[in-house]
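This report concerns only the one structure given below.
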Amino acid sequence: MRDTTISTLFLLFFLFAAVHIAAQEPDPVIRPVVVVDAPTGVVAEGELDWTAGTVSVTGEGFVDDDVTHPVRRRLLGFRAAKIDAYRKLLEIVGEVQIDARTTVSMAMVASDSIRAQVEGLVTGARVVPGSQIEEDGYFRLGLSLDLRGDLSAAVLPGSTAAGPAIPQDLPYADSVVVFVPPKPYTGLVIDARGTSLNPSLSPRIIDDSGRVIYTAGYVDRGYAVRTGVVAYERDLQQAVVSDRIGGQTARPFLVQAIDISGLYNSDAVVTRDMGTRILMAGMEADFLTECRVVFVVGPKPAPPPPIAVFSEATTGDSTLGDSMLGEAQPTGDFLDSILEARALADTLPAEAPEETAAEIVE
């Protein structure tokens, strides 16, 4: 009877999880950007959507009152708005972080070839459908440019290796780890909430000894250009079922970032032990080479509320109602706790003694 009760409770938990995830609206990682041209004082405002992988701006233009023909006014007005949008878009794209030390504008200064490619991409940006507005003599339209694809091809570093090997001279603390997950993982989720990690086109994962675990140089360049080196999400529960790592049938390897690194704070830092586990899991399933990596960013989630405590009835058969002590229900970040508990269970050493697992559960 005890096994049946436990199975029922776990089934209810995961049914709740599935309904909760399905009901949630996506919460994209959007960063507003403001650039001020020092000599002229002209301001360029734009938006970086790191979840969708786009940069967008709105241009404005106006036409002299001397132009009275309505068709000519619209043509000239929207042309002026598009020219303004091109200028702003070039400024905003220049602020995009390539990695922890470089922005697109830095790369453009260092290379005439990159400058020419980026400027060409900006002039080919698409007009956002429905963004053309005429109001009180002013004309507005939006432009959008993909961060992935041609822009990534222009600025991302080339692939230099298939990936880092696990060092032969592992310290004792690492060498005793025999990490064999029950099933191969379909992707990696780095939980960097609570840190000030900034999205970039080419972030790295490093461990606290300085070893590079994951970087654009280790992946298939085709995947990096098409899908991005990593994806960014704000919601952990959305991240673990994202299409990038397998959708509803995904089995993500969930890892907690302990710090951030780099001039622009775009690199995630994990423990040395966890870095070794990531490399082992990546060799087993090859998800690193295919860029099946998601970073979860944003504020640190609130502690989960108290949940119901279940116990066996002292006499007679246990029922769900009789075994629930207290009135707390699974809400808030309850699902985060389930995911983190599963990740902890997955990352226990394969030969962990039974008492270790018992102590962790307690």
Which residues' amide hydrogens lie under 5 Å from the amide hydrogen of residue 270, considering only partners 5 or more residues apart or on another chain, with H built in the peptide plane? 206, 207, 208, 258
Residue-count net charge about residue 60 - beta-carbon cut-off 9 Å; Lys, Arg +1, Asp, Glu -1: 0
Order these peptides, 133-146, 109-122, 61-74, by their mean beta-carbon neighbour count within 10 angstrom, highest first. 133-146, 109-122, 61-74
Could you go through the stretch 253-270 in sequence order and give the Karplus-derived ³J(HN,Hα) for each residue, using 6.51 cos²θ - 1.76 cosθ + 1.60 with θ = phi - 60°, rounded to whole Hz, and x for Gly and Pro? 8, 8, 10, 8, 6, 9, 6, 10, 8, x, 4, 9, 6, 10, 9, 9, 10, 10
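FYI, it's all coordinate maths here, none of it is from the lab. For clarity, every value in this text was computed on a predicted model and none was experimentally measured. Cβ: placed from backbone, ideal geometry, glycine included. Neighbour counts: every protein chain shown.
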